[in-house]
Structure formats: structure tokens, C-alpha cells
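Participant: The structure that follows is given in the form of C-alpha cells.
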Amino acid sequence: MKDFIFNVSTKILFGRDQMKNLASEIKKYGSRVLLAYGGGSIKKSGLYDEVVKIFEDNDIFYKELAGIEPNPRVDSAREGVKIARENNLDFILAVGGGSVIDLSKLVAGAVYLDCDPWDIVIKKAKIEKALPIGTILTLAATGSEMDAGGVITNLETNQKLGFGSAYTLPKFSILNPETTYSVNAKHTAAGIADIMSHTMENYFTLGDGAYMQNRLAEGILKTCIHYGPIAMEEPENYEARANIMWASSWAINGLLSTGKSTAWSVHAMEHELSAYYDITHGIGLAILTPRFLNHILSDKTVDMIRDFGINVFNITPSDNKMNDAKKAIAYLHAFFEQDMCIPMTLGEVGIDDEKLEIMAEAAARHAGGTIRGVVELTRDDVLEIYKASL
């Protein structure tokens, strides 16, 4: 296991009755707020009215950045920067899921730079300070409430790329499982797949000696497998929603990757699907992951994948390691397809073979020529995985 520094300073306020702390948490950092949110579900749920009343009762000035898209667009970041500068805002409150939080992180850093926000994403500019951010999470999926990174889409260039900065780590996040009760079955399932993918991207590594991190990863995966179907059947089951929400935060806040080298192979491939076809991120990850595991299965990786099946899906080990590993992959595919009701082919989400070569080339290029994960993936490897997913 490598040397590492682990420091996540986000304050988590978890549970039903944490909104009472919102005003005091904001006022530690500012009093002129950019209220960022998505398509309006927070208005239907009453959460918007609750936040606005807290602002009004506590003399907190605010301006809104509304309509932030799933797979958030750089255009929205440009608008957010404009609003923040024109109104001398000093804090961002992101109310929503990962898309809203990711977009808010880009706005927070871009406010202080004399450049287009996209320059940050493509690494032409570097965040050196940022507006402080707080979040109220409404969708358990990306873990953005407790990490410093984000993913932004540029439709003009067909790019979906990640960025990150220590300055964009949220100062606090309010996590009330009840805010996820209204999340529909499709997005609940996609969120589960996203959490599991984050965990597996950190988990599938070779020879790193990170025994504890791997056992923690298995616990998060088992949590998703246990509570995912319950949340699908009983959307207002507090225990299920709470465990899923907490798993989301810990899947990607750095704990599982400490002391390890992780390359996030499946995310690199899925980002191209979302960039070109704007599909739901978690669904793309679910479709690709079993095909990725099948593609990399070899004498080198068989023990890793077999252990996954034994420790996560409780597969009874046999004398045939390769068959055990194949069974593990089949169990994962079946969980997504049967328990989570996720469409498990690209064709089902409107993707044919027209742009597979373009996307494979882009995935490899954006990774620096090859995707250097547990197994190095060339452009041709990525293309094979895409084709196997049709």
C-alpha cells in the first residue's frame, strides 16, 4: 500500500431535522448566496420554499441559477459566473443531485478567473481559490456532496470531462434521506449503479495490499445490493434511503482509493456515451461494467473478479476459478437487469454502432492514448467493449 494523505473536511449534517442548521452554516462563510438547482423538482417537493423562507428569516440575500441540466452544461456555468459577479455573491448553495453540485463547483472556481469556465475543465486554467459551497442533497448517486471533483459536458465539442480542485470541496452538506423519497425508480436504479461503479473503480486493482479499503468497498457494494431493491419497491423506506445516501458519499470521497492506483476505466468509456448521446450516466455505467469485466478477465485478473463474486454476491467457490469469475460477472449483470430494471444494452438507450469508433477513439485520446486501469485499454479494446454492449 502506498503512502497517502486523507483529508475530507466537509461537515455532514445527516438526518431529518438538519435544515434548522442551514442559516448558521451559511453565515460562517457569507450572506449573499447563489441558489443553484435543477429542473424544478425541489419546488414540487416544497424544499425550495423551505430554503427561501430560511433565507428571508435570516436576512440572507440570494439570486437563483435554475435549470441546471443532468450531465450539466458549461453554458450553465457561464451563466452562474455572470450572476455571481453581477450581484457580488459570496456563497453557493447547491440544492439537488450531482449535476447541480458539479456545476456549482465549476462556477465557484471560475468566478475568480479571467477565462471561460471550460478552460478549467480542459486544464488551460487552474482554480486557485473558490467561493465556498454548501449542498442539500436530493439524489444519492455521484458522491459530489463529499468530494472536490465534478464532470461537465460541452455539447459544442461533444466532450464530457472531469475536473477537480481542493478549493471546491463543499464546506458542508445536508443529507436528509427523506429528500430522496420522490426520486423515481429509473433514477433510483441509476443512482445505485453510479454508487456501485464508483466503488468498483476503486476496488478493481491488483497487488496493492489495500486489504482494509477493499473490505470497505465490498461493504458498500453489499449495502447497495441489499437496499437498492428495497428502495425500488418502497420509495419512502427511510432505512433504505439512508443507507444508500451514506454509501454514495463514502464511495468516492477518497477513502476507498487511499494507498491505491485507480484509473476509472469504465467512467472514461461512459463519458463518451453521455457526451454524444446524453444518456443517464448511471445507466451507461451499468451497461458497460459487466462487459468491461468480461473483456479483462484473464489468468491475471481471475482471482480479483472471483473474490468480488465470493465476497459481494456470496458465490460458493469451486475448484474452477474462471467459472467462478464468470459467475460473478453474470450476477452483477443480473442484479442491474432484474433487480434494478436497468436496460442492459446500448440499443435499448438509443445507441447504435454509428459512432462507436469515434467514441472509442475519443475515450483513449482523453485518457492520454490508452486507459491505464487494472488492465490497459487501447482504442481497439474500448471499441470491443462498446460492441459487446450493443
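Participant: Give, rounded to the nearest 20 debye, the magnitude of the charge dipole that the range 185-389 has about its Cα centre when Lys and Arg contribute +1 at Cβ and Asp and Glu contribute -1 at Cβ.
Facilitator: On the way: 16 positive and 28 negative charges, 106 e Å.
That gives a dipole near 500 debye.
Participant: Right, here's the next one. Stokes-Einstein diffusion coefficient for the range 79-168 at 4 °C in a medium of 1.567 mPa s, Rh from the Kirkwood formula over Cα pairs: what value in µm²/s? Let's see the in-between values first.
Facilitator: Numbers: Rh = 13.1 Å.
Roughly 99 µm²/s, to the nearest whole number.
Participant: Could you tell me the calculated FRET efficiency between PHE61 and SER9, based on Cβ-Cβ distance and R0 = 30 angstrom, to the nearest 0.05? Provide the component values of the computation, followed by the final result.
Facilitator: Numbers: r = 26 Å, r/R0 = 0.87.
So, using R0 = 30 Å, E works out to roughly 0.70.
Participant: Once both labels are modelled 7 Å past Cα along the beta-carbon direction, what's the TYR112-LYS321 spacing in nm?
Facilitator: Between TYR112 and LYS321, the label points sit 5.0 nm apart.
Participant: Tell me what the chain gives for mean residue ellipticity at 222 nm when only DSSP H runs of n ≥ 4 count, each as -39,500 (n - 2.57), the sum divided by the residue total, rounded to 500 deg cm²/dmol. List each step's numbers first, then the result.
Facilitator: On the way: 15 runs with 183 residues, N = 390.
For the chain, the value works out to -14500 deg cm²/dmol.
Participant: In debye, nearest 20, what is the charge dipole magnitude of the range 11-179 about its Cα centre with +1 on Lys and Arg Cβ and -1 on Asp and Glu Cβ, if you could check? Don't skip to the end; give the middle numbers.
Facilitator: Numbers: 21 positive and 22 negative charges, 58 e Å.
With Lys and Arg at +1 and Asp and Glu at -1, about 280 debye.
Participant: Let me ask something else about it. For the range 118-133, just list the computed ³J(HN,Hα) in residue order, Karplus coefficients 6.51, -1.76 and 1.60, θ = phi - 60°, integers in Hz, with x standing in for Gly and Pro.
Facilitator: 5, 4, 5, 5, 8, 6, 7, 9, 10, 5, 10, 7, 8, 4, x, 10
Participant: Still on this structure: Relative to the present Cα-Cα distance, how much length would full extension add between ASP352 and LYS53 at 0.36 nm per residue of separation? Walk me through the numbers before you get to the answer.
Facilitator: Working: separation 299, 0.36 × 299 = 107.64 nm, distance 4.79 nm.
Net length gain for the segment: 102.8 nm.
Participant: Next question. If Lys and Arg each add +1 and Asp and Glu each add -1, what is the summed charge of the other residues whose beta carbon sits under 14 Å from the beta carbon of ILE127? Before the final figure, lay out each step's value.
Facilitator: Values: positive: LYS105, LYS123, LYS124, LYS126, LYS129; negative: ASP102, ASP114, ASP116, ASP119, GLU128.
Its environment carries a net charge of 0.
Participant: Considering only DSSP beta bridges with both partners in the chain, what is the antiparallel share in %, to the nearest 5?
Facilitator: Details: 8 of 32 bridges.
Taking every DSSP beta bridge with both residues in the chain, the antiparallel ones total about 25 percent.
Participant: In the range 60-137, if the dipole is taken from +1 on Lys/Arg beta carbons and -1 on Asp/Glu beta carbons about the Cα centre, which of ILE127, PRO72, VAL107 is farthest to the positive end?
Facilitator: ILE127
Participant: While we're looking at this one, here's another question. Which value in nm describes the separation of the simple spin-label points at ASP208 and GLU234, placed 7 Å from the Cα toward the beta carbon?
Facilitator: Inter-label distance under the simple model: 3.5 nm.
Participant: Here's another thing I want to ask about it. Leaving ligands, DNA and RNA out of it, report the carbon-plus-sulfur percent of the accessible area of the range 324-390 at a 1.4 Å probe.
Facilitator: Details: 1450 of 3170 Å².
Roughly 46 percent, rounded to a whole number.
Participant: With a probe of 1.4 Å, find how much accessible area the chain has per residue, and write the answer as a whole number in Å².
Facilitator: Values: 16200 Å² over 390 residues.
So the chain comes to 42 Å² accessible per residue, rounded to a whole number.
Participant: Quick one: divide the alpha-carbon radius of gyration of the range 185-389 by 2.2 N^0.38 Å and tell me what you get. Intermediate results must be reported in sequence, preceding the final value.
Facilitator: On the way: Rg = 16.2 Å, N = 205, 2.2 N^0.38 = 16.6 Å.
Normalised Cα radius of gyration, the range 185-389: 0.97.
Participant: Could you name the lysines whose alpha carbon sits less than 17 Å from that of LYS387, not counting residues in the same chain fewer than 8 places away?
Facilitator: Within reach: LYS355.
Participant: Hey, got the dipole for the chain? About the Cα centre, +1 on K and R Cβ, -1 on D and E Cβ, debye to the nearest 20?
Facilitator: For this selection, approximately 900 debye.
Participant: Right, another one. Could you tally the net charge around ILE230, taking each other residue with its Cβ under 12 Å from the Cβ of ILE230, Lys/Arg +1 and Asp/Glu -1? Can you show the working numbers first?
Facilitator: Working: positive: ARG241; negative: GLU233, GLU234, GLU236, GLU239, ASP339.
Surrounding charge for ILE230 is -4.
Participant: Could I ask something else about it? For GLU69 paired with GLU128, estimate the spin-label separation in nm (one decimal), with each label point 7 Å from Cα along the Cα-to-Cβ line.
Facilitator: With each label point 7 Å from Cα toward Cβ, the separation is 3.2 nm.
Participant: Largest first, what is the accessible-area ranking of GLU86, GLU270, GLU337 with a 1.4 Å probe? Display every interim value, and only then the final one.
Facilitator: Numbers: GLU86 125, GLU270 0, GLU337 85 Å².
Final ranking, largest accessible area leading: GLU86, GLU337, GLU270.
Participant: Let me ask something else. May I ask for the net charge around GLU56, where only other residues with Cβ less than 12 Å from the Cβ of GLU56 are counted and Lys, Arg are +1 while Asp, Glu are -1? Don't skip to the answer; put the middle values down first.
Facilitator: Details: positive: LYS53; negative: ASP49, GLU50, ASP57, ASP59.
Summing Lys and Arg as +1 and Asp and Glu as -1 gives -3.
Participant: Gain in length, LYS387 to LYS28, computed as 0.36 nm per residue apart minus the alpha-carbon separation, to one decimal in nm? Mind showing how you got there, number by number?
Facilitator: Working: separation 359, 0.36 × 359 = 129.24 nm, distance 5.16 nm.
Stretched fully, the LYS387-LYS28 segment lengthens by 124.1 nm.
Participant: Please report the antiparallel percentage of DSSP beta bridges with both residues in the range 110-180, rounded to the nearest 5.
Facilitator: Numbers: 6 of 10 bridges.
Of the beta bridges lying entirely in the range 110-180, close to 60 percent run antiparallel.
Participant: Accessible area of the range 1-135 with a 1.4 Å probe: how many percent of it is carbon plus sulfur? Intermediate values should be presented prior to the final figure.
Facilitator: Values: 2970 of 6550 Å².
The nonpolar share, carbon plus sulfur, comes to 45 percent.
Participant: Would you list, by chain and number, the lysines whose Cα falls below 26 Å from the Cα of LYS129, excluding same-chain residues fewer than 8 positions away?
Facilitator: LYS11, LYS27, LYS28, LYS63, LYS82, LYS105, LYS160, LYS171
Participant: So for the range 11-179: antiparallel DSSP bridges make up what percent, rounded to the nearest 5? Kindly include the intermediate steps, with their values, before the conclusion.
Facilitator: Details: 6 of 30 bridges.
In the range 11-179, DSSP labels about 20 percent of beta bridges as antiparallel.
The values are calculated or read from the model by the stated rules, or taken from the named source; none is laboratory data. None of the values given here were measured: they were computed from a predicted structure. We place every Cβ from the backbone using ideal geometry, glycine too, and count neighbours over all the protein chains shown. The protein model used for the area step is the full one, side chains on, heavy atoms only, and it has no ligands, DNA or RNA in it. Shrake-Rupley method; radii C 1.70, N 1.55, O 1.52, S 1.80 Å.
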